[in-house]
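The values are calculated or read from the model by the stated rules, or taken from the named source; none is laboratory data. A quick note: this is a predicted structure, and the numbers were derived from the prediction, not measured. All Cβ positions, glycine included, derive from the backbone under ideal geometry; neighbour counts span all protein chains shown.
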Amino acid sequence: MLDLHQLQVFVIAAQEENFSAAAQELHLSQPAITQRIHALEKQLGVTLFERRGRRVYLSEAGAFLLPLAKDLLRRSKRTEEMMQSLRGEVVGHLIIGCSTTTGKYLLPPLMARFCDRFAGVQATVRVGSRKRVLELLASGEVHLAFTSALTPRREIRYRQFLQDQVVLIVPSNHPWCKKEAILPEELLKERLILREPESGTYQAMESALARHDISVDELHTVITVGNSEAIILAVEEGIGVGFVPKLAAQRCIGLGNIRIIPIADTFMSYTIWMAENTMQPATAAQLHFLKLLREDGYLQEEAPIQSDLALSKARKDA
């Protein structure tokens, strides 16, 4: 039977590509690391590492074992956590991936409140691109992911989390601040700071302007950036005007440097989706976090996880 401690040593050594670094990570001596790796290699009858100077590299067998070892360790940890939950204890490490600005503002306070309720749980938000957080979810490195787009993957199912409004922001000394609202065509005369086309903010803006027969290509785009915080900073500096999620804008309006300007007959919004990996068993902490979201009205109690068929239809209708 495989020894989980040996598998943990193997995984850390593979990640560090150095036995000394692995020893420091695990608070063991380097000979102890080497001994456990050799014992695992002897048991499996294969060579797991190739040594080149001070560094070690996975052999073909080692590369094959690594994802299996990670999965075994995750399942072992989750089993321990579920058994503790049967005694009324909720423990573990809840890791959430997030690719949306709204999620970055909304999730930390939710998770902080969750950890106040369950002191035995540690929580982490990992922020990255949509592609990256879904890769982390598929590999089991995060328990849940929040994203602004539906990306079909066999093992991933989606639930609608919330609708977020997208708003136009300008510097507080901009002439538009004297107006109750601007006409959509007035955007053609201003310098725009935009998100990348793959973002939910951009797609909501593009769709709303298209209803007024305005193409994004007609806008005078001076900068394209990868996050809403950069847009807010650029607007504060007077470089131009931009579109950001309302939640992000509201956090900064109190400082007095920016204003939200309504656009006549225009409403922009996008959906934030919560993604789950149906191939990975849920942890006790994950299940209790989902319960908290339902209590706060973010998820309907009886709302089913979206099927692949419904997902395909949603993408066609979007």
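Structure summary
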read-out	value
Within region 292-318, tally of residues that are surrounded by 12 or more Cβ atoms within 10 Å (Cβ to Cβ) and at pLDDT 85 or above	4
Those residues of region 1-22 which are under 31 Å from the mean Cα position of the chain (by Cα), assigned to a helix (DSSP H, G or I) and either farther than 20 Å from residue 71 by Cα or aromatic (Phe, Trp, Tyr) (or both), in sequence order	10, 21
Candidates 142, 133, 125 - the one that is assigned by TED's automatic domain parsing to the domain that holds residue 277 and in a loop (DSSP other than H, G, I, E, B)	142
Near pairs, Cβ below 6 angstrom, 6+ apart or cross-chain, from region 111-122 (closer than 10 Å to residue 92 by Cα) to any residue that is at pLDDT 90 or above and buried (at least 19 other Cβ atoms within 10 Å of the Cβ)	121/94
Matching residues, region 27-79, being of a type in the set (Gly, Ala, Ser) and either outside any helix (DSSP H, G or I) or within 26 Å of the chain's Cα centre (by Cα) (or both)	29, 45, 53, 59, 69, 76
Restricting region 172-203 to residues that are surrounded by 14 or more Cβ atoms within 10 Å (Cβ to Cβ) and modelled with pLDDT under 95, the residue that is farthest from residue 296 (Cα to Cα)	172
Selection count where residues are at pLDDT below 90, over 23 Å from the mean Cα position of the chain (by Cα) and part of a helix (DSSP H, G or I), scope region 225-281	1
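Residue-wise test of (1) among the polar types (S, T, N, Q); (2) under 30 Å from residue 162 (Cα atoms).
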| position | (1), (2) |
| --- | --- |
| 66 | no, no |
| 77 | no, no |
| 93 | no, yes |
| 98 | no, yes |
| 113 | no, yes |
| 122 | yes, yes |
| 126 | no, yes |
